[in-house]
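Presented below is the structure to which this report refers.
Coordinate-derived values only; no laboratory data. Remember, it's a predicted structure, so these values are computed and weren't measured experimentally. Using ideal geometry, Cβ is built from the backbone for each residue, glycine included, and neighbour counts are taken over all protein chains shown.
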Amino acid sequence: MLLTTAVFASILALMFIKLSFNVIGFRRKNKVSLGAGGVDELERAIRAHGNFAEYVPLGLFLIGALELNGAPWELVAVLGALLVAGRYFHAKGISEPPPNFTQRVRGMKLTFAALALSAIANVAWVVYRVMALA
């Protein structure tokens, strides 16, 4: 079962919904149905939402694969927490006017750490499991 991944996927889904509502709200406020219409706050909301959608699926896939292959839940939880924190800080940094590049960079570092460590952990865990079975 993917219990730990399910918790982090749920948290990330709620974050995604919040980012979606931000885009919808700015579209309504500024009467823009497609694109950003030259509205800076809408452009930031669109990119925060889009960037989230670009990085989260791969992160969840890697974390889920690790858990599905029997890695310790603590490892899965740390990687999930890194991904959640990274996406939170990035969205906060890009969304708030004026853009807070410190928060945005922190978010990307945490996101890349989650992705890289998840990829490395998957390879290491598979090697470990194969060697243990040999």
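Key figures
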read-out	value
Whichever residue in region 113-134 is touching a residue at least 24 places away in the same chain (Cβ under 8 Å) and among the small types (Gly, Ala, Ser) and, among such residues, is nearest to residue 55 (Cα to Cα)	114
Residue selected from region 88-102 under the condition crowded, with 18+ Cβ neighbours inside 10 Å and without any contact (Cβ under 8 Å) to a residue 40 or more places away in the chain, by the criterion nearest to residue 55 (Cα to Cα)	89
Among the candidates 85, 71, residue that is in contact (Cβ under 8 Å) with a residue 12 or more places away in the chain, within 28 Å of residue 119 (Cα to Cα) and not in a helix (DSSP H, G or I)	71
Residue match in region 83-90 (condition: under 18 Å from the mean Cα position of the chain (by Cα) and among the basic types (Lys, Arg))	yes
Tally of residues being in a helix (DSSP H, G or I), surrounded by fewer than 18 Cβ atoms within 10 Å (Cβ to Cβ) and over 15 Å from the mean Cα position of the chain (by Cα) across region 1-53	10
